[in-house]
1. Check whether at least one residue in region A:114-129 is surrounded by fewer than 20 Cβ atoms within 10 Å (Cβ to Cβ) and more than 23 Å from residue B:270 (Cβ to Cβ), and report yes or no.
2. Among the residues of region B:441-476, which ones are under 24 Å from residue B:402 (Cβ atoms) and within 14 Å of another protein chain (Cβ to nearest Cβ)?
3. Give the residues of region B:379-394 that are surrounded by 15 or more Cβ atoms within 10 Å (Cβ to Cβ) and in a loop (DSSP other than H, G, I, E, B), sorted by residue number.
4. With the structure loaded, tell me whether residue A:195 is touching a helix residue (DSSP H, G or I) at 6+ places or on another chain (Cβ under 6 Å) and modelled with pLDDT of 95 or more or whether it fails that test.
5. Can you give me the number of residues within region B:263-279 that are more than 8 Å from every other protein chain (Cβ to nearest Cβ) and over 18 Å from residue B:332 (Cα atoms)?
6. Given the conditions (1) more than 7 Å from chain B (Cβ to nearest Cβ); (2) touching a residue at least 40 places away in the same chain (Cβ under 8 Å), which single one is not true for residue A:236?
7. Please state which one of A:70, A:88 is more than 13 Å from the chain's Cα centre (by Cα) and within 18 Å of residue A:117 (Cα to Cα).
8. Criterion first (buried (at least 24 other Cβ atoms within 10 Å of the Cβ), touching a helix residue (DSSP H, G or I) at 6+ places or on another chain (Cβ under 9 Å) and not in a helix (DSSP H, G or I)) does residue B:279 satisfy it?
């Protein structure tokens, strides 16, 4: 058990901007847990950069007191990796939704997973496109009726945790925004993890997803740590990732140590954060460079 | 300019033809180094005739005692590595004593009687000559190189060192073998042939660099303080990545190959936000994917430089051919309106300086900058004086604050439109760089906060930056050469500069009064400078490597100015000197039409000729 920061301590991450989410939106819980996790890890708001794509959940950087970027639909993870490579002394958290990260941005997601840059990616997975008023998303279950699938969804839902595990992720977890403390604990572990960490959060859309409600999840969720789950076992993690209709695993499915990208690239590993590097070429490097052309 | 003296020439045009995989490029590299280290000027370009079986490649170079501006015309010497090379190129031989074709007489058929008088079929019995070395098929290149050195009267020692450098110390045995084979060719030529008497290649002893614009852009990037380059492989831009990758660890720069061009530019923008000078590079197809992110850079005011090396389009188009077809893609990239700059460097040297300038302009004005090159400029090879480039370049980052007060607003509405930046890590500077429209603090106004007056203020603030930028670039955007007033003005943009310069020099030599305007900045368009120049133009011809006259459209759009004569080429090849010279000369002849469009692949068959009086 992690001793979480108090709401008072977490309040240093409170922004003056009030969230624009619908009352009851799961994303409130995500914001709250993220603020608690950052406070628990004693992160200074000046050293935190929260980067999002586009969507309801991607408005989150505006609601947390830190540096932030609100980028393009699906591109938050790509931008966030650039921020971290630019200055790896910063704590970088990417946030977004299931459409943003598992739909239009799935290419960046899967490559970020295998690249293992030290950052955290929080996906507020509500299984629907909310900001565009309710179309099927990559994680919408089969048969669910949405504005774009009036006869019921005929595509299989994507399994983001399985995808991340197979992509070579070093940290894969799932949280539930109806379980604020559990989620804050998972986020604390994710941000503390050295490498790319994925936190898929079940974050109900109270307006457009009438199937996957808080009540629906509460009937199914269970905590992996209470079942003696071995988070170093790929087999156990894959097994847990496959649960859905009957029961849904919460917690850290998988966590292993792997060298991060910035530990392996000499430019960041040996010269320190890129932003501190001296610009231009020294006379000796310059002369040597010209000589190669002669 | 001895280039035009047909009696005794201090220049030579040499072609090396063969199938892909015959070693055309590596032979070219060795000969390039030999010429350059002999103090000669050098200009080469490779043409890939992918329609011919085996993928025919012809590497064309011109080398001379005086500066050379193009790859030249008909060849003095062809090194034919296969039968196709002879069959395809025999008609392009320059008549003259000793000119000829070097070929493997074991395999390639060449009827000496079919050659013009005085020219020579330099047949090499490759099998016999290389028997002692084990008959490796690639040996014919090396053998022919030795013959070339003898025929042109170049220094054996310089050549031998170039061969050894090509293979490096790790492959000393292969280098030894190649030197021996080349020597065999040299000695065979000594025993059978005469050096070409009226070609005199005398160098000035000066050490010059051999590079194309891709290398110049990469060098300009590191000299200009770029520490982050992200890209996805795409011809003809990949050589920038290839130059940076092996040097990145030494220089402390991140060279990140990404999953696609969308990630490349978005990562660069992320790195830019954290405070580093970031750049990305691609060709037209990849650039099309980047366009949404250019708008992100525009509205978040995060600097980024995107190199766009044009090739023949549309779609996959002509991957290994040149074209100036992406001007409007660069100008119109992305949805909505945002300030940007588009540089179109005119030479290898200028590509270096334009890269540094792009990095500076991007940061000073907090805008995306597009650096437009093309396959010709990026992939050709020429000698460049080392003094033409320098590491003592200005690195101008614009206003960046290291500490902020309580009133700090990231997007403060300043008179210049430029708001001081703050990088993450600074206490009190916290803000969101938002792709939605936002206020001076960076707070979104897009949805429920919609506020027309704030929107208007922020758009005007961003575009105000263009005023300063236009002032800064106003008189650096057009290069003018030749007399102030002339009977004919050659107009071009970007990579056509050296070809047009050569045309002007040739016409000048004939006593004609011709000058030359070359645009090196496409945006902000140098309206005032162009208008000033047009006041003294009598007759102008706009030469560009595309079908529909993109620059002519831009000129008219921005100034209302028109040009009466147009010469365009869109077959994927650059302009060749002689046919272009003839066309340009035709404009000065009595009775030339007032308005003329020559849109042709060969330039000698006008597809469309319009003669209309305005």
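The values are calculated or read from the model by the stated rules, or taken from the named source; none is laboratory data. Predicted model, so just to flag it, every value in this text is computed and none were measured. Backbone-built Cβ (ideal geometry, glycine too); neighbour counts: all protein chains shown.
1. Within region A:114-129, not a single residue is surrounded by fewer than 20 Cβ atoms within 10 Å (Cβ to Cβ) and more than 23 Å from residue B:270 (Cβ to Cβ).
2. The answer is B:441, B:442, B:443.
3. B:380, B:389, B:391, B:393
4. Working: touching a helix residue (DSSP H, G or I) at 6+ places or on another chain (Cβ under 6 Å): no; modelled with pLDDT of 95 or more: yes.
No.
5. Number satisfying all stated conditions: 2.
6. (2)
7. A:88
8. Considered against the rule, which asks whether it is buried (at least 24 other Cβ atoms within 10 Å of the Cβ), touching a helix residue (DSSP H, G or I) at 6+ places or on another chain (Cβ under 9 Å) and not in a helix (DSSP H, G or I), residue B:279 comes out as yes.
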